[in-house]
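The values are calculated or read from the model by the stated rules, or taken from the named source; none is laboratory data. Computed from a predicted structure; not experimentally measured. Here Cβ is always computed from backbone atoms with ideal geometry, including for glycine, and neighbour counts include all displayed protein chains. Accessible surface areas use protein heavy atoms only, side chains included; no ligands, DNA or RNA. Shrake-Rupley method; radii C 1.70, N 1.55, O 1.52, S 1.80 Å.
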Amino acid sequence: MTPESSPEGTRFQRWLARLSFLLAGVAIVILVVFAGLKSVTMLAVGLAAAAVSLAAAFLFLSHRGIRRWLSLAVFVLAPIAVIVVYAFRDLLWVAVASAVAWLLATVTARLALAGNPTDWRMPEHPAEPPARHPYLIMNPKSGGGKVEKFDLRRKAEDLGAEVFLIGGSEPVDVAQIAREAVAQGADLLGVAGGDGTQALVAGVAAEHGLPFVVIAAGTRNHFALDLGLNREDPSACLGALSDGVELQADLGMINGQVFVNNASFGAYAEIVETPAYRGDKLNTTLNLLPDLLRGHRGARLSAKADGTEIRSPQALLVANNPYGTGDIAGLSRRTRLDRGMLGVVAVKVRSARQAVSLLRGENAAGLTVLTARKIEISADAAQIPAGIDGEAVSISMPVTCTICPSALRVRVPRNRPGVPAPKPPVNWARLRHRAGIRRERAEVAA
């Protein structure tokens, strides 16, 4: 166990933990000393505004028309009203000073609880042997034309790669193209395109034990993001061909089909299935959420994750390794893709109270977050819509999702942006232990 991952942490982290408690105390003292009895009013006003904001956020998501926009107005005006109240009572500077102290306390707490880089960085392995016949599949339409914009074909061919451009109006079986390339001697496969295409070819690479190169030429490329690749300049990903290292990544499987990011069901899949989703994801999601939150759409789901029952979730997300803490939509990052576990997120909202608590994050009553090696999903319909790596599909029930540990040899550039350190949740009990503040316990003799 490394010092940072041990309960005590390093000496520097112990002092940071103590500083965090000191700053939290300063935040409270500022309120008590400079606001006196008014601090109780300040706290009450702040809590009331927070409750109003949460309720307004839920109403904004769950309604349409004038109610939605009135809710948005309340959400925006609630904190402004708090500032006005504090200003009229000459307490604004007190609130700001206390908030700054509390913010610094949170920052130092996260630093004190941060883990060792070896705990959240995937180990690198030599990229051996060098690829003699790399074969790259490129989708010119993906990401609004990034293949042409960044001249990816020419740059790849200059590095000795054979390039296949997906063209024409007819669907192309990229997995079959990859298998034919392997049969003809390809010793490395790669894709310049979206996550769905990446997954299809990654499955072929894993099947044959070949290294795989991810070129972030899609719209979002969450897989590339979590590998620490450069999504702003896809041509930088080609550095894996000339000066690369290897990462051993897991692959998710859903009824025998590979996924690199996630598989979504229920409300998540209903949104992805909508034709307008790709063109305007935000408005499509907002338009569908009212029905989805009230449970008016979709089949009734049930799931079992390594024996844990998940009953009637409205939305279910199964990820190839878990996303960041409290993420209910698969939008945050995965610090590692080699933990050998599926991340499972289930959302079930039956009341406004549950919906408001859901907005608070991981410990909400309507939210189930866990990890599993296998999840079995059933529904009261023979087929249901699903989203696999952002692609809308119709899938037959029942569904089994599993994880294939270290199945994929991903070759990445040695020099790349990398994955930032994860932000640990502020656990005050753990922080107290790290600071060395322990309660004395009386020992009772037998």
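Assorted remarks:
- Working from Cα pairs under 8 Å separated by at least six residues, relative contact order for the stretch 144-233 is 25 percent.
- Accessible area of His208 (1.4 Å probe, protein heavy atoms only, ligands and nucleic acids ignored): about 90 Å².
- Each peptide in 70-83, 45-58 was scored by the mean count of other Cβ atoms within 10 Å over its residues; highest first, the order is 45-58, 70-83.
- Farthest toward the positive end of the dipole of the stretch 80-195, out of Ala97, Pro140, Trp120, is the Cα of Ala97, where the dipole comes from beta carbon charges about the Cα centre.
- Close amide H pairs (under 5 Å, H built 1.01 Å from N) link Phe164 with Leu136, Ile137, Met138, residues at least 5 positions away or on another chain.
- Taken one residue at a time, the phi angles of the stretch 70-77 give Karplus couplings (6.51, -1.76, 1.60, θ = phi - 60°) of 5, 5, 4, 4, 5, 4, 6, 7 Hz. Gly and Pro are set to x.
- Most to least accessible of Cys404, Cys237 (protein chains only, probe 1.4 Å): Cys404, Cys237
- Rolling a 1.4 angstrom probe over the protein heavy atoms with all chains in place gives the stretch 133-266 an accessible area of 37 Å² per residue.
- Full-extension gain in nm, Glu207 to Ile28, via 0.36 nm per residue minus C-alpha separation: 58.6 nm
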